[in-house]
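Here is the structure we will look at, set down as structure tokens.
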Amino acid sequence: MRGVSILATGVACGDPTLADRSSWNAVRVPGELPVRHEPPIDEFVPRNTRRRISRLIAMALYATRDAGGLDAPQAAPLLFASANGEINTIGAILRSLLSEAPSVSPTSFHNSVHNAAPGYWSILARRFAATSTISQGSLSFEFALLDAWARLASGEDDVLVCGGDEAIENADWADPGHCTHDLCGTLRLSSAPSATASARLVDVRFLPAEPVLDRGAVQAALVAEFAPDLILEGGPDFDDPTPLGGRHPMAGLWHLLRFVRAPGPAGTLLLVRHGPAGGIAIVASREAHD
Amino acid sequence: MIPVSHEKASHNAGCAVDKAGAVPDTRASLAVRPFVSNTPIPILAFASVSALGRTLEATTRRLFDGSTGLAFGSAVVPDTPSPLGEVSGPLPPLPDGLAVWDCRANRLLAMAMAQVAPELAQVRQAFGPGRVGVVIGTSASGNTDLEQAYAIDGATGYDYHHRQSFGACATLAARLAGVSGPAYAVSTACSSGANAMISAAHLIRAGLCDAVIVGATDAICRTTVFGFQALGVTDPDLCRPFDADRRGLNLGEGAAVLVLGRRRPDGLGGGPDLFLAGWGATSEAHHMTQPDPEGDGSARTMAAALACAGLAPADIGYLNLHGTATPQNDTAEARGVAKVFGTNVAAGSTKGYTGHLLGAAAAVEAVISLIALRDQRLPPSLNLNRKDPDVPIDILDAVTPAPGIRYALSNSFAFGGNDTSLIFGVRR
């Protein structure tokens, strides 16, 4: 069978480290994406760690755990994707550097790196597998999926892909208008045969930017090849119909998670995301479920 | 020698899988798993810029002169409490039409790219621009310029998308090279350049690209200078990797690019054939900033790289160590080396020449490893007056001829316990 199995997915919005159920339910994305509305298992993130980490790190931890990250083979790498990473922490550091005696909090400093979330994951989950962090603006998740696809095609059996961005709150310089919601999601991909997976990632393809590529012709070829039931075209230049706002960097992840997780009939999705550095076409299929 | 035995050590994902099928011409298809092997990936060109030199020639010369690029005082962070490996003097502006990407890190990247322009033209011609990808590592992107703009007016109107967003350096590199394959950034703090290399290798092995421009860039900025100061791991004097009196690291800046190819195009370059032979990447699962003191994390990573390349420890003729000169790193790393290679090794750190280039360190040290393989001689670890008795391995203290050397391994470790080892080879 073509492609790889999507063995499981996890998604988190808002602050999953808050034990208070009402806070857990106060998700920042009111759309149709089914989110697990249940308090997290507290033991996974110790209390002293919870106080130190950003919402993005917390979301990545719980989304990856909910995607079966703890059950994945020890060798399965985790690819983390984020456009803006720990941008709110970086904003706080910028302010602290303005003082006459500049100082940076050690915790803020090591939490400001783009790979903070996968670092915490490996420590808390006690996993020795490789992690990497990929970034390319609004197509960060899509390029991480392409990177995962390359790894699966060249011999990896299992890969975890986690994408996430948190709402920009104290970094006006970063055009906060393009990221006003939190969203993080993880897919557990496997090239091994699975009797239980209800969804597959059928193909991931890079599409060169115009004028190299004629968008219309490429889309027609993809439609002819995959006969999708649902076609979604988007990217930063599009008016993207998600509750995340038109230019949210994780809009592509939102569409893919919604297709895989929401109740509905069986079908095939063609998700084409265009950006200034080229686009990515994602083809996924799913079985019917309630 | 202590044999390394661990589940991860024998795992060589993406490196030595023997599956039926063929790599399609234009894309990776998982309908049929493509045939992959641990065939070396040719390195078609390489260049770096750092405090050691703005060109490959200057870098090579000073590497074997033993002259450091570290200096007291800084134009970028004048109040730095420790020496820096700053690229002194004005940096050339970006070419016409690309000025929107202007920032110190991108200027450094462009300086490295310019050195391989002739080879890039041949690669573009041989494979076609759409088959050439770009993966660039960075830990701070345009943070130097963002800090300056923020201090002036809160960075009002700052072009975040082009000058700071992490993917910007990759998009710029693609524009500089005139290529239109996939282009993205990898950011895993101080191992960014190595993880970029691993992604690039997968793109080639999967058949998604025929060549990949891979490298890394980072510029000195206040966040990292004062951040590492806050962690208490900087040396107010010149850094002394593996020395008994070492106190910490000095920061540096720079960029490097390598061009990896599915094959070497006809007529490209002279000199010996250099290649990426394998890699290891693991997580220490120990602490966000502290290494596993016994070196088990780094040992796992080096052993994984050997397994990936299909090599034995004795095949490695030069170990370019992470060697930041922090008390914790150097002891832990040396213990890890001893577990895999024994104590009688040809090993050293080049941080005493360049400082710690953070996200660019692995890429610049890849170039230094390639110089060592090409020239068959090994640079010493600078400022080594009295080796730490807790460092159980030999450390190079003089330029050492290495006739017949075939493989070099380069380590880079990062926050989050992100450990990487790259193995480069030469064929004459």
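Over all other residues within a Cβ to Cβ distance under 13 Å of residue B:148, the charged ones net out to -1, with Lys and Arg as +1 and Asp and Glu as -1.
Here chain A is treated as an ellipsoid with the same Cα gyration tensor; its semi-axes, largest first and in whole Å, are 30, 22, 18.
Each principal axis of the Cα atoms in the protein assembly as shown has its own extent, and those three values, largest first, are 70, 58, 54 angstrom. The magnitude of the dipole of segment A:87-236, with charges of +1 and -1 set on the Cβ of Lys/Arg and Asp/Glu and taken from the Cα centre, is near 540 debye.
Could you tally the net charge around residue B:398, taking each other residue with its Cβ under 14 Å from the Cβ of residue B:398, Lys/Arg +1 and Asp/Glu -1? Computed value for this residue: -1. Report summary: the helix-based calculation at 222 nm, which adds -39500 (n - 2.57) for every DSSP H run with n ≥ 4 and divides by the residues of chain A, gives -8500 deg cm²/dmol. Remark: segment B:307-370 carries 17 Å² of accessible area per residue (probe radius 1.4 Å; ligands, DNA and RNA excluded). For segment B:273-427, the relative contact order works out to 37 percent when only alpha carbon pairs closer than 8 Å and six or more residues apart are counted. Go ahead and set up a Gaussian network model of chain B, Cα springs under 10 Å, then flag whichever of B:261, B:207, B:232 fluctuates most. In the Gaussian network model the winner is B:232. The spread of Cα positions in segment B:56-150, taken along each principal axis and listed from longest to shortest, comes to 48, 40, 23 Å. For A:289, A:110, the ranking by accessible surface with the largest value first comes to A:289, A:110, using a 1.4 Å probe. Among the residues of B:162-170, the average count of other protein chain beta-carbon atoms within 10 Å of the residue beta-carbon is 6. In segment B:104-212, the C-alpha radius of gyration followed by the widest Cα-Cα span (Dmax) gives 14.9, 48 angstrom. Accessible-area rank, largest first, for A:127, B:386: B:386, A:127, with all protein chains present and a 1.4 angstrom probe. Between B:129, B:293, B:95, the Gaussian network model of chain B with springs among Cα atoms under 10 angstrom shows the greatest mean-square fluctuation at B:95. To the nearest ten degrees, helix A:140-153 and the longest principal axis of the Cα atoms of chain A are 60 degrees apart.
Interface of A with B. Using a 1.4 Å probe and counting protein heavy atoms only, the two chains hide about 5600 Å² of accessible surface, both sides summed. Taking only the alpha-carbon positions of segment B:189-264 and ignoring solvent, what does the Debye formula give for the base-10 log of I(q)/I(0) at q = 0.23, 0.26 Å⁻¹? Debye intensities relative to I(0), on a log10 scale: -1.00, -1.15. Separation of segment B:92-107 from segment B:224-278 is 23 Å, based on Cα centroids. Our summary of shape: the Cα atoms of chain B have principal axis extents of 57, 55, 39 Å, ordered from largest down, in whole angstrom. Compared with its chain on its own, segment B:183-210 contains the following residues whose accessible area drops by 40 Å² or more in the full protein assembly (probe 1.4 Å; ligands, DNA and RNA excluded): B:184, B:187, B:202, B:208.
For peptide B:294-304, the mean count of partner chain Cβ atoms within 10 Å of a residue's Cβ comes to 1.
Given a cut-off of 23 Å, what percent of all Cα-Cα pairs of segment B:41-261 lie beyond it?
Pairs farther apart than 23 Å: 47 percent.
Computed as a quarter of the hull surface, the mean projected area of the alpha carbon convex hull for segment B:102-149 stands at 4.0 nm². Burial annotation for segment A:102-127: residues with an accessible-area loss of at least 40 Å² between the isolated chain and the complete set of protein chains, computed on heavy atoms with a 1.4 Å probe, are A:102, A:104, A:106, A:109, A:110, A:113, A:114, A:115, A:123.
Measuring only protein heavy atoms, the 1.4 Å probe finds residue B:395 accessible over about 20 Å². Only protein heavy atoms count here; under a 1.4 Å probe, residue A:210 has an accessible surface of about 100 Å². Given a 1.4 Å probe and the protein chains as shown, residue A:43 ends up with an accessible area of around 150 Å².
Using heavy-atom solvent-accessible surface (probe 1.4 Å) with all chains present, what is the largest-first order of A:126, A:258?
A:126, A:258
Taking Lys and Arg as +1 and Asp and Glu as -1, the other residues whose beta-carbon sits under 13 Å from that of residue B:415 total -3.
How much of the pair distance distribution for segment B:273-427 lies past 28 Å, counting alpha-carbon pairs only, in percent? For segment B:273-427, the share of Cα pairs beyond 28 Å comes to 9 percent. Roughly how many percent of the accessible protein surface of the protein assembly as shown is carbon and sulfur, given a 1.4 Å probe and a whole-percent answer? Solvent-exposed carbon and sulfur of the protein assembly as shown make up 52 percent of the total.
Pairs of C-alpha atoms in segment A:199-286 farther apart than 16 Å represent 51 percent of all such pairs.
The coefficient of translational diffusion for segment B:369-428, derived via Stokes-Einstein from the alpha carbon Kirkwood radius under 25 °C and 0.890 mPa s, stands at 183 µm²/s. Pairwise Cα separations in segment A:46-170 fall into 10 Å bins from 0 onward with the following percentages, short to long: 13, 42, 31, 12, 3, 0.
In segment B:180-236, Cα pairs under 8 Å separated by at least six residues give a relative contact order of 23 percent. Projecting the Cα positions of B:385, B:400, A:122 onto the charge dipole of the protein assembly as shown (unit charges on Cβ atoms of Lys, Arg, Asp and Glu, taken about the Cα centre) puts B:400 furthest along the positive direction.
In segment B:407-424, comparing the full protein assembly with the chain on its own, the residues that lose 20 Å² or more of accessible surface at a 1.4 Å probe are B:415, B:416, B:418.
With contributions of -39500 (n - 2.57) from each DSSP H run of at least four residues, the per-residue ellipticity at 222 nm computed over chain B stands at -9000 deg cm²/dmol. If you place +1 on the Cβ of every Lys and Arg and -1 on the Cβ of every Asp and Glu, how big does the dipole about the Cα centre of the protein assembly as shown come out, in debye to the nearest 20? Roughly 1240 debye, rounded to the nearest 20. When chain A is treated as a Gaussian network with alpha carbon springs shorter than 10 Å, the biggest mean-square fluctuation among A:218, A:202, A:113 belongs to A:218.
The values are calculated or read from the model by the stated rules, or taken from the named source; none is laboratory data. This is a predicted model, so every value here is computed, not measured. Cβ coordinates were reconstructed from backbone atoms using ideal geometry, including for glycine residues, and neighbour counts include every protein chain displayed. What goes into the accessible areas is simple: the full protein's heavy atoms, side chains included, and nothing from ligands, DNA or RNA. Shrake-Rupley method; radii C 1.70, N 1.55, O 1.52, S 1.80 Å.
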